[in-house]
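Remarks on the structure that follows.
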Amino acid sequence: MLRLQTPLPERYRDASAAELDAMIGAAKATLGERLFILGHHYQRDEVMKWADARGDSYRLSVLAQERPDADYIVFCGVHFMAESADILTGDHQAVVLPDLNAGCSMADMADLDSVTEAWDALGEVIDTSELVPITYMNSSAALKAFVGEHGGAVCTSTNAREILEWAFTRGRKVLFFPDQHLGRNTGIAMGYTHDDMRVWNPRFELGGLTEDDVRQATFLLWKGHCSVHQRFTPAHVAAFRAQHPDGIVVAHPECAHEVCSIADEVGSTDYIIKAVAAAPVGATIAIGTEIHLVNRLAAETPDKTVVSLDPLVCPCSTMFRIDGPHLAWVLENLVDGRVINQISVDPVTTEWAKVALQRMLDITQGNPVAEVRNPATDSRALPVS
């Protein structure tokens, strides 16, 4: 999804790496504690070196929540991540995305209109009081608000199983979006089978399914995927193992089930980082995830050989949009008192999205989960995990 923004001035486009470093360093020094830069694991090194905190999308937003003294949260990630940061931070803080076109193809595969249409269509076939909507963290604020308002919750790749187990205490079926692979891999790990699952394609009437399909399915999986993780195949695993019989394959759960089912380990970005750290010295590890993280792990663990599962894999094209010129541009504008590329989520969406996020935290922390929460009367702050 392309978003309109002010063109990057020539001064930044033509600057050398050294000049950009000088601009960014000077702006950071001037802004001091008023500035907090967040760097997602998939960011390029020229940006990551300036981050005050590294992490996955939700963890970074929680870290921003812990910094109420920072006037400016500059999120080096993608659009939905900056939205989450805006939801969790105070009204006095401005969340900035250096390039508004740093989006997420997966998140863009499910929007509020298509999910609402799907929900209404499903309501013509089944009782939606028995259907629990679950959205992956990699989704828009509008979809987080939708699941909050409709009794569902947000999940991450770390806690997806726990969230789905909770969902089945509330209903008989789950509508899982936007990533079909995380839903499928988690469901199969829970003991369900492919026969329990149907893929909902929003391009077709009733998702391309029959009414019997809808009635029989336990999981309705949105036809969405990560453009990077979709690239990894069983052939990549076979080729790596042929070359490195004692090697270790670690895959992200956004990969297809055919890959995850034959990987040695499967887990979130944080899990992958820990798996590399825990591997024995001298191990050769092939990782099925975004190339910038793979290369960074290879550089930071020289006592092991860390490679991409696909030698020809390309970086996340939208995450790649955040670069030195854009970071220097937004920071120098902040020094001059101008906030550009601010991400703002409207108050109603913010409150219902908080409901969905709160449910996720209550579930994973063992707290009672309220059936209904009215954002207007329940002012609980989201706890820091």
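Per-residue answers, yes or no, for (1) of a type in the set (A, V, I, L, M, F, W, C); (2) more than 30 Å from Ser16 (Cα to Cα); (3) touching a helix residue (DSSP H, G or I) at 6+ places or on another chain (Cβ under 7 Å):
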residue	(1), (2), (3)
Tyr58	no, yes, yes
Asp71	no, no, yes
Phe75	yes, no, yes
Met81	yes, no, yes
Ile87	yes, yes, yes
Cys104	yes, no, yes
Met109	yes, yes, no
Glu117	no, yes, no
Asp120	no, yes, no
Qualifying positions in the stretch 114-144 - among the β-branched types (Val, Ile, Thr), touching a Lys or Arg at 6+ places or on another chain (Cβ under 9 Å) and crowded, with 24+ Cβ neighbours inside 10 Å: Val132, Thr135
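Take Ser114 and decide whether it is assigned by TED's automatic domain parsing to the domain that holds Leu206 and either at positive phi or among the hydroxyl-bearing types (Ser, Thr, Tyr) (or both).
Working: assigned by TED's automatic domain parsing to the domain that holds Leu206: yes; either at positive phi or among the hydroxyl-bearing types (Ser, Thr, Tyr) (or both): yes.
Criteria met by Ser114.
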Unmet criterion (only one of (1) polar (S, T, N, Q); (2) touching a Phe, Trp or Tyr at 6+ places or on another chain (Cβ under 9 Å); (3) at pLDDT 95 or above; (4) closer than 28 Å to Gly103 by Cα) for Thr284: (4)
Regarding Leu122, is this residue of a type in the set (A, V, I, L, M) and within 27 Å of Ser61 (Cα to Cα)? no
For Thr158: the one exception among (1) under 15 Å from the mean Cα position of the chain (by Cα); (2) assigned by TED's automatic domain parsing to the domain that holds Leu31; (3) among the β-branched types (Val, Ile, Thr): (2)
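Quick check: is even one residue across the stretch 261-268 more than 24 Å from Gly55 (Cα to Cα), of a type in the set (Val, Ile, Thr), assigned to a loop (DSSP other than H, G, I, E, B) and more than 18 Å from the chain's Cα centre (by Cα)?
yes
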Quick one: Ala107 ticks every box in (1) among the small types (Gly, Ala, Ser); (2) in contact (Cβ under 8 Å) with a residue 12 or more places away in the chain; (3) over 30 Å from Thr349 (Cβ atoms) bar one, so which box is it? (3)
Looking at the stretch 229-242, can you tell me whether even one residue there is assigned to a helix (DSSP H, G or I), touching a His at 6+ places or on another chain (Cβ under 7 Å) and modelled with pLDDT under 95? yes
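Give the stretch 269-287 a look and list any residue that's of a type outside the set (A, V, I, L, M) and more than 16 Å from the chain's Cα centre (by Cα), or say none. First the steps, then the outcome.
Of the stretch 269-287, the ones of a type outside the set (A, V, I, L, M) are 269-271, 274, 280, 282, 284.
Answer for the stretch 269-287, where residues must be of a type outside the set (A, V, I, L, M) and more than 16 Å from the chain's Cα centre (by Cα): Lys274, Pro280, Gly282, Thr284.
What are the residues in the stretch 184-201 that are under 12 Å from Arg161 (Cβ atoms) and free of Cβ contacts under 8 Å to residues at least 12 places away in the same chain, if any?
Matches in the stretch 184-201: Gly191 only.
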Inter-residue pairs, beta-carbon under 6 Å, first among the charged types (D, E, K, R) and in the stretch 318-333, second modelled with pLDDT under 95, 6+ apart: Arg321/Asp99; Arg321/Asn101; Arg321/Ala102
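Conditions (1) within 29 Å of Leu221 (Cβ to Cβ); (2) outside the structural domain of Glu205 (by TED's automatic domain parsing); (3) free of Cβ contacts under 8 Å to residues at least 40 places away in the same chain; (4) not in a loop (DSSP other than H, G, I, E, B), marked per residue:
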position	(1), (2), (3), (4)
Gly39	no, yes, yes, yes
Leu60	yes, yes, yes, yes
Ala70	no, yes, yes, no
Ala85	yes, yes, no, yes
Ala118	yes, no, no, yes
Ala121	yes, no, no, yes
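Counting only residues that are more than 27 Å from His194 (Cα to Cα) and buried (at least 21 other Cβ atoms within 10 Å of the Cβ), how many does the stretch 254-272 have? Steps first, please.
Here is the first cut: in the stretch 254-272, the ones more than 27 Å from His194 (Cα to Cα) are 270.
Adding the requirement that they be buried (at least 21 other Cβ atoms within 10 Å of the Cβ) leaves none.
Total satisfying the criteria: 0.
Condition first: closer than 21 Å to Ala110 by Cα and not assigned by TED's automatic domain parsing to the domain that holds Thr193. Can you find one or more residues in the stretch 232-244 that meet it?
Filtering the stretch 232-244 down to residues closer than 21 Å to Ala110 by Cα leaves none.
For the stretch 232-244, residues closer than 21 Å to Ala110 by Cα and not assigned by TED's automatic domain parsing to the domain that holds Thr193: absent.
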Could you please find all residues in the stretch 223-260 being within 24 Å of the chain's Cα centre (by Cα) and aliphatic (A, V, I, L, M)? Val228, Val249, Val250, Ala251, Ala256, Val259
Give the number of residues within the stretch 25-43 that are out of contact with any strand residue (DSSP E or B) (no Cβ under 9 Å at 6 or more places or on another chain), farther than 23 Å from His92 by Cβ and not aromatic (Phe, Trp, Tyr). 2
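The values are calculated or read from the model by the stated rules, or taken from the named source; none is laboratory data. The structure displayed is predicted, hence computed values, not measured ones. Ideal geometry is used to build each Cβ from the backbone, glycine not excepted, and the neighbour counts take in all protein chains shown.
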